Amino acid sequence: MTTGCEGPLCRQTANDLVVYRPERAVAQVRALCPAHRDAFTARNQGAPMQVFPLAEGTHNYFAHGDGTQIATCRHCGHAIYLYPKRALRGAREPWRDGEYDETGRCTVGEERQGIRVVHEPAVTLAERDWARAASTCTTAADPHPIADCPARRS
Ligand SMILES: [Zn+2]
Ligand SMILES: [Zn+2]
Ligand SMILES: [Zn+2]
């Protein structure tokens, strides 16, 4: 599963997420291939900018924000997030189901398997579709993190 480059007319796979903060404007985020990343950083020289490598399994990101990447957990089928601070730190279990989740643990996967399971991104469409289909809530049609799961709120 890959994220396409958003450079003009580009059909390459994006490798990086560039977060660009123009003065007095909201942050902009772009997924870019190496060539377009270089062109973009050269064109916007001087503006605060951060580049985060795209993690395998990322299929989306927050368009306005800090560079948070979005994937689907291959255990629970829910949306999971890679926050840039954790991505930078290179944590071994970097995916979280919400901003306030400190553990990265996949409770649905743990219930199913009976062992400690952490959220891990599905890296193929087949993996993602299987995980979404196996979930017992609405996440297949309407992807959401476990923290917002309507089936798990009591
Ligand atoms: Zn490109
Ligand atoms: Zn999970
Ligand atoms: Zn759910």
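Only the coordinates and a few stated rules stand behind these numbers; no lab work does. As the structure is a computational prediction, the values presented were derived from the model and not from experiment. Every residue, glycine among them, receives a Cβ derived from its backbone with ideal geometry; neighbour counts consider all protein chains shown.
What the table shows:
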{"read-out": "Computed over the chain, the ratio Rg/Rh where both radii use C-alpha atoms and Rh is Kirkwood", "value": "1.01"}
{"read-out": "Acute angle (nearest 10 degrees) that the helix 125-134 long axis makes with the longest principal axis of the chain, alpha-carbon atoms", "value": "40"}
{"read-out": "TYR100, TYR61, TYR20 arranged by Cβ crowding within 10 Å, fewest neighbours leading", "value": "TYR100, TYR20, TYR61"}
{"read-out": "Residue of THR124, THR72, THR136 that the Gaussian network model of the chain assigns the largest fluctuation, springs spanning Cα pairs under 10 Å", "value": "THR136"}
{"read-out": "5 angstrom amide H check on GLN12, placed H, neighbours 5+ away", "value": "CYS5"}
{"read-out": "Inter-site label distance for ALA126 and ALA39 at 7 Å from Cα along Cβ, in nm", "value": "3.5"}
{"read-out": "Selection of trypsin sites (Lys or Arg not before Pro), the range 46-154, meeting DSSP coil and at most 13 other Cβ within 10 Å", "value": "ARG92, ARG116, ARG153"}
{"read-out": "Angle between the chain longest axis and helix 34-43 axis [Cα atoms, degrees, rounded to 10]", "value": "50"}
{"read-out": "Three semi-axes of the equivalent ellipsoid, the range 20-110, Cα gyration tensor, whole Å, largest first", "value": "28, 13, 11"}
{"read-out": "Alpha carbon Rg of the range 60-149, scaled by the compact-globule rule 2.2 N^0.38 Å", "value": "1.01"}
{"read-out": "Candidates ALA134, ALA42, ALA126, ranked by Gaussian network fluctuation over the chain, Cα under 10 Å, top entry", "value": "ALA42"}
{"read-out": "q = 0.17, 0.20, 0.27 Å⁻¹, the range 1-54: log10 I(q)/I(0) [Debye, one scatterer per Cα]", "value": "-0.48, -0.64, -1.05"}
